[in-house]
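Following: one structure in structure tokens, then a few remarks.
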Amino acid sequence: CDYNNFYGKEYFQKYINGSTQLYSLNVTETLYETSMVGNASMEWLKDRLTDTDANKSPFLMWIGPHAPHYPSTPAAWYANEYNNVKAPKTPNYNKSDSNKHAFVGTNPYLTENASEWIDQLYRDRLRSLLSVDDLVKDIVELLNQYPTQMDNTYILYTSDHGYHLGQYDVPCSKEQPYEETIRIPMYFRGPQVPKNKVTMDIVGNIDILPTFLSLAGITYDKDTYDGRSWTTGLLNGVDVADEEYDNVITTDTSSADAWRTVYLSQYMSVGTYGFSHCSTWFPSSDGSVCPGQNKKPPENAPNGEAWLVDRTEDNNFRAIRIINDTVNLMYAEFVNHTWDEAAFAKPQFYEYYDLKQDPFQLKNAYDSLNGDTKTELHQLLMKYGNCTGSNCW
């Protein structure tokens, strides 16, 4: 196949960053989008590392591969990996509470056929991420060839959101306030960052820019950004042995309390769509994998009801996560699509979870709260929903 004919979400993009200028890279049939981005990044980084100018400036490199976004097309050389893997069947998989917002409370149960589609999407996501692993490995190995520079370089690895794969009968995508969407790991290494340390501070993408400015010694007005520098938490943390990594639940709560205990997340629906939105990659009918074919999952259950993943009219929310030494809570308010102060003042629906008691957010406990607590949570959400700058801290 001629990969030059593909663009964007088809995973064979020949224009870097969507420009109309062909990047000066030797594009051949065997190249794949993530690999092309990685190769271009390596060339750029090598130029910086081999620059002999004594006055060369510090550099910042940001790499954002499309993988594993749908259709999660894998590189041809990874297309047969994970053939027997299935999506994790977490305690909240194919389970919902009728007292959840909008379609999340009414989506039909996932059938065996729907689960098989979810398994394929999960396998594809893992396969496409193997090329991201290659990219990360090559970047680190290149930096290791220049020890002085490596010892003076910070590396951050994270993502912008998580993903649903059948949790609460939502077959795919994101667009929810639950842990599957909002809670993701963040890995950091660099000068004075201690090895094998873990912190449970509530850190978000809004904190990345202020943190890097602080690490670089660049001063800025604290009210310029809603986020804040996380250098104190980054350079501290809790000791964790290597073998404990898979089950880390420890936290230095005094440090976390000093840093942040409340964090806002919000989402305004981008449209109404269902399971078929999550285009899924398969090998071609003849078994070839270059580039294979994209198929749409079934939109509806056998009874004709749709498996929705977003809906304009009522999947609009603002939520806060509250974590300190005594509580671990999520509180969310769902509003109409006008997304204005009138909507925020009178939400359509509420959800509340005590994650110490209900870590998989299976039962909406909002109705069990007393009036004073409901008012307090609403006022707190209004405060964080409208804050700017250091007032968000």
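The values are calculated or read from the model by the stated rules, or taken from the named source; none is laboratory data. This one's a predicted model, so the numbers in the text were calculated from it and none came from an experiment. When we count neighbours, we look across all protein chains shown, and the Cβ atoms used for this are built from the backbone with ideal geometry, even at glycine. What goes into the accessible areas is simple: the full protein's heavy atoms, side chains included, and nothing from ligands, DNA or RNA. Shrake-Rupley method; radii C 1.70, N 1.55, O 1.52, S 1.80 Å.
Some values worked out for this structure:
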quantity: The listed residue being of a type in the set (S, T, N, Q) and within 12 Å of PRO171 (Cα to Cα), out of ASN144, ASN152, ASN107; calculated: ASN107
quantity: Pairs with Cβ under 8 Å, 6+ apart, first in segment 212-227 and surrounded by 13 or more Cβ atoms within 10 Å (Cβ to Cβ), second acidic (Asp, Glu); calculated: GLY227/ASP207
quantity: Top-ranked residue in segment 154-170 [being in a loop (DSSP other than H, G, I, E, B) and aromatic (Phe, Trp, Tyr); ranked as most open to solvent (accessible area, probe 1.4 Å)]; calculated: TYR154
quantity: Every residue from segment 317-346 that is more than 17 Å from ARG260 (Cβ to Cβ), open to solvent by 20 Å² or more (accessible area, probe 1.4 Å) and not aliphatic (A, V, I, L, M); calculated: ASN336, HIS337, THR338, TRP339, ASP340, GLU341, LYS346
quantity: Residue ID - nearest to the chain's Cα centre (by Cα), chosen from residues in segment 268-292 that are over 21 Å from LEU121 (Cβ atoms) and not aliphatic (A, V, I, L, M); calculated: SER269
quantity: Any pair with Cβ under 7 angstrom, 6 or more apart, that starts in segment 360-378 at a residue that is part of a helix (DSSP H, G or I) and ends at one that is open to solvent by 60 Å² or more (accessible area, probe 1.4 Å); calculated: TYR366/TYR350
quantity: Unique residue being closer than 23 Å to PHE275 by Cβ, open to solvent by 20 Å² or more (accessible area, probe 1.4 Å), at pLDDT 95 or above and not basic (Lys, Arg) when the list is ASN113, ASN84, ASN107, ASN144; calculated: ASN113
quantity: Checking ALA332 against (1) assigned to a loop (DSSP other than H, G, I, E, B); (2) closer than 19 Å to ASN92 by Cβ, the condition it does not meet; calculated: (1)
quantity: Counted residues, segment 90-104 - those being surrounded by 15 or more Cβ atoms within 10 Å (Cβ to Cβ) and closer than 17 Å to SER173 by Cα; calculated: 9
quantity: Among (1) more than 13 Å from the chain's Cα centre (by Cα); (2) over 28 Å from THR232 (Cα atoms), the one test that SER173 misses; calculated: (1)
